[in-house]
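Report on the structure given below.
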Amino acid sequence: MRAIIAKRVDSGTPDTSEIRDLATAAGYTVAGEVTQSRRADPALQLGEGKAEALATKVAETDATTVIFDNRLGPYQTYNLGQLLPESVEVIDRFTLILEIFGQRAQTRKAQLQVELAELRYELPRAEAKTSLAKRDEHPGFMGLGEYDESREQDIKDQISRIKDELERIEQTEEHRRERRRDSGFDLVALAGYTNAGKSTLLRRLAADLDVDENEGLHRDLESTAESQDKLFTTLGTTTRRADIEPRDVLVTDTVGFISDLPHWLVESFKSTLDSVYRADLVLLVVDVSEEIDEIHEKLVTCHDTLYERNEAPIVTVLNKIDKVDEEELAEKREAISSLAPNPVAVSARDGTNVGTLLDRIDRELPDWEEERLVLPMTEDTMSLVSWIHDNANVEDVTYGDEDVLVSFEARPAVISQARSRASDLQTAAAESA
Ligand SMILES: Nc1nc2c(ncn2[C@@H]2O[C@H](COP(=O)(O)OP(=O)(O)OP(=O)(O)O)[C@@H](O)[C@H]2O)c(=O)[nH]1
Ligand SMILES: [Mg+2]
């Protein structure tokens, strides 16, 4: 697949590096580009002359696809297609991102999310077709218009079916997350712009902490979190366990953020971000080797994506410090200090400062508390003692004649659950006495 990149900006110099990376990630070979700085043309997006230059470039390079970094309206797509050989496809940034997501979607949930996004993209286009057909309709001629309206209804039905199924999947996941939380895990989510190094950092956090021997513990612990120098390597979520004594921490890797995503696309993938929104702590990973302006822009995108729903504290992680010298790092730290106060600088690749990051994670997570419980000796006492062993750090267990004394430290949620189970035991013991 050979692609020509096209991009128009209102003013200034068009930067095509991200759209090129996206094209490569989708499997295209970029054979050339056409850019322009001017107001959008309603019919062609580019000016007429530029659109013709685009057609020439397509012919010269034998390209199969034209990829616009701009959002194309249905009429623009149609008009551009008229200038090009019939076999050439014209797509825009959003279709391209969807294409990547479609290629990477491995789970049922990811597939449904992609389908939902595609349908949401198609709906206004089907509506446009209908209104066009109606306008052109001759009196008494009903065929086309009716057909298109049924397509619209079809899309709407499919959207609502997919939403139902996604909701069911999400409920199951939510339930699982709650169980994990109940069972004493602190939940940490990795968030950040695509290609910032989230998956690399996940492996680093887990590898340093010998996660593999614990893998059997949870069915959604996975051993792999792939890293590649490609946009959107990670599409689903991967969770691994990290021990930050005495805590049990689950770290979740997530889909990367990207700028300029239309609302419907973000919406379709929002459940993927749920693990971020429900976390006890968010690590916002930034590629600090990029230009200050770019870092700044990407941070803003990340904060916008997190803003509405995130409640957890955010720690910014400046990654890839192996690629910058100290002076440059200090400069960049200063430049983004308002968006990223008190960040931790690491190299996920080399492992530099990963220890510092772990300490910071420990400090930001809710404090563990100490508790001593006196449990009456009943039939169910031992099962509570073993539950406490599973979910807390037990300091001491003393068995008396009629009761058991347990001292432990744990997350506040675990302590309150242990207390309530202890009081159930007391009630049961009092009733049988
Ligand atoms: N030099 C250097 N490269 C790094 C570092 N961390 C990650 N990388 C590289 O950056 C690229 C992206 O890393 P990933 O871990 O896949 O990034 P990601 O944030 O998970 O990306 P997506 O899943 O695509 O959103 C890979 O080529 C990594 O090898 C680092 O500390 N230093
Ligand atoms: Mg990744």
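The values are calculated or read from the model by the stated rules, or taken from the named source; none is laboratory data. Please read all numbers here as calculations on a predicted model, not as lab measurements. Note that each Cβ is placed from the backbone with ideal geometry, even for glycine, and that neighbours are counted across all protein chains shown.
Results, tabulated for the structure shown:
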item	result
Residue satisfying condition, being modelled with pLDDT of 65 or more, touching an Asp or Glu at 6+ places or on another chain (Cβ under 9 Å) and exposed (fewer than 14 other Cβ atoms within 10 Å of the Cβ), within set GLU245, GLU152, GLU178	GLU245
Only listed residue being under 16 Å from the mean Cα position of the chain (by Cα) and of a type in the set (Val, Ile, Thr), chosen from VAL300, VAL317	VAL300
Residue match in the stretch 379-391 (condition: in contact (Cβ under 8 Å) with a residue 60 or more places away in the chain and either touching a Gly at 6+ places or on another chain (Cβ under 9 Å) or more than 16 Å from ligand 2 (Cβ to nearest atom) (or both))	yes
Close pairs from the stretch 336-350: first small (Gly, Ala, Ser), partner part of a loop (DSSP other than H, G, I, E, B) and within 16 Å of ligand 2 (Cβ to nearest atom), Cβ under 7 Å, at least 6 apart	SER347/LYS320; ALA348/GLY197
Unique match (being part of a strand (DSSP E or B), of a type in the set (A, V, I, L, M) and touching a His at 6+ places or on another chain (Cβ under 9 Å)) among VAL374, VAL404, VAL397	VAL397
Residue within the stretch 283-306 that is at pLDDT below 75 and either among the hydroxyl-bearing types (Ser, Thr, Tyr) or outside any strand (DSSP E or B) (or both) present	no
Selection within the stretch 269-282 - at pLDDT 90 or above and surrounded by 23 or more Cβ atoms within 10 Å (Cβ to Cβ)	VAL282
The stretch 44-62 residues that are outside the structural domain of GLN76 (by TED's automatic domain parsing), paired with ones that are surrounded by 13 or more Cβ atoms within 10 Å (Cβ to Cβ) and part of a strand (DSSP E or B) (beta carbon under 8 Å, 6 or more apart)	none
Filter result for the condition that a residue is modelled with pLDDT under 80, within 16 Å of ligand 2 (Cβ to nearest atom) and not assigned by TED's automatic domain parsing to the domain that holds CYS302, over ALA133, ALA128, ALA110	ALA110
Lone unmet requirement of (1) within 16 Å of ligand 1 (Cβ to nearest atom); (2) free of Cβ contacts under 8 Å to residues at least 60 places away in the same chain; (3) touching a strand residue (DSSP E or B) at 6+ places or on another chain (Cβ under 7 Å) for GLU370	(1)
Neighbours by Cβ (under 6 Å, 6+ apart or cross-chain): first from the stretch 254-265, among the charged types (D, E, K, R) and more than 9 Å from ligand 1 (Cβ to nearest atom); second in a loop (DSSP other than H, G, I, E, B) and modelled with pLDDT of 65 or more	none
Selection from the stretch 62-95 of residues that are acidic (Asp, Glu) and surrounded by fewer than 19 Cβ atoms within 10 Å (Cβ to Cβ)	ASP62, GLU86, GLU89
All positions within the stretch 325-350 that are assigned to a loop (DSSP other than H, G, I, E, B) and surrounded by 18 or more Cβ atoms within 10 Å (Cβ to Cβ)	ILE336, ALA340, PRO343, VAL346, ALA348
